[in-house]
Amino acid sequence: MQTKAKILVLIPCYNEEANIVKTVERLRELCPQVDYLVINDCSTDRSAALLKEHGYEYLDLPVNLGIGGGVQCGYVYAVANDYDVTVQMDGDGQHDPAYLMDIVTPVLNGELDMCIGSRFIRHEGFQTSFMRRVGIRFLSGMIFLLCGQRLLDVTSGFRATGRAMTAYFARNYAADYPEPESNLAACLAGFRVGEAPVIMQERQGGVSSISSFKSAYYMIKVSLSLIIDRLSIKKIHYRS
């Protein structure tokens, strides 16, 4: 799809030396019309060296901010450089740029303020482990109870935001494992949030930030955070 809109793809990167080059090259091959920014969050492997060697566009953070802080830096950059749509795409090879315009188009058409790439609409491709699917369904149910919005793939980091949503995230973004919390915050703030079907791949290399040991901790922490967010955030409308 050809478009004159300014689109920026944010690629958070922490110790992704096994994946980052393949991820960026596939994006450049399939979506040459978009800009991209790799956000290197103080990687301790060769990620930074590879970004420099290949001449990629990247932001080298001076301190480790975690996934939330790193992505928020990208949203600040997108606002400062006047992008129409900002896309978040993981650096581990799971998110296929072949589906990038599938999540961008509803935002460009004014149908949604944020469109999430969802594995669970058509149930094609890599569906993650059984226990993680159970956890995702639980969080999906929590978000529905807390704001009335049904979202299936609430932990998906593959999503596109319009100008207003991007500006909101530049000011307000959860620090740790932010997708479920930011989904709830966006809904409570009156933004139009929806999903589009995508096919994801299994991580192509490296180690996930959420290990089996951390999964229980993750579920407890995110569940409590969602409840606290709902108690502290009034349902108001930021979208103009």
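Annotations for the structure displayed:
- For the range 117-186, the set of trypsin sites (Lys or Arg not before Pro) satisfying both a DSSP loop assignment and a count of at most 10 other C-beta atoms within 10 Å is given as R122.
- Cβ-placed point charges (K, R +1; D, E -1), dipole of the chain about Cα centre in debye, nearest 20: 840 debye
- Rg and Dmax over the alpha-carbon atoms of the chain stand at 16.7, 48 Å.
- Local electrostatic count at N81 - Lys and Arg +1, Asp and Glu -1, tallied over other residues with Cβ under 13 Å: -2
- Applying a 4.7 Å Cβ-Cβ cutoff to the chain leaves C13, C31, C42, C73, C115 as cysteine residues with no disulfide-compatible partner.
- Sites Q33 and E124 - FRET efficiency at Förster radius 35 Å, r taken between beta-carbons, to 0.05: 0.85
- T44-Y217 pseudo-label distance in nm [points 7 Å out on the Cα-to-Cβ vector]: 1.5 nm
- For G68, the shell of other residues with beta-carbons less than 12 Å away shows a net charge of -4, using +1 for Lys and Arg and -1 for Asp and Glu.
- Distant-in-sequence amide H partners of I39 (H built 1.01 Å from N, under 5 Å): I11, C13, L59
- Each other residue within a Cβ distance under 12 Å of C115 adds +1 if Lys or Arg and -1 if Asp or Glu, for a net charge of -3.
- Helix runs (DSSP H) in the chain reaching 20 Å along axis by Cα, Kyte-Doolittle at least -1.0: 66-80, 130-147, 212-232
- Mean separation of Cα contacts under 8 Å, 6 or more apart, over the residue count of the chain: relative contact order %: 24 percent
- Mean residue ellipticity at 222 nm, helices only, the chain: -13000 deg cm²/dmol; runs of at least 4 DSSP H residues each add -39,500 (n - 2.57), and the sum is divided by the number of residues.
- Potential lengthening of the chain between D60 and L145 amounts to 26.7 nm, from the contour at 0.36 nm per residue minus the alpha-carbon distance.
- Packing-based exposure ordering (other Cβ within 10 Å, fewest first) of D113, D60, D229: D60, D229, D113
Every number here is computed from the coordinates shown, using simple stated rules; none is lab data. It should be emphasised that the depicted structure is a prediction, and the values quoted were computed from it without experimental measurement. Positions of Cβ are backbone-derived with ideal geometry, glycine not excepted, and every protein chain shown enters the neighbour counts.
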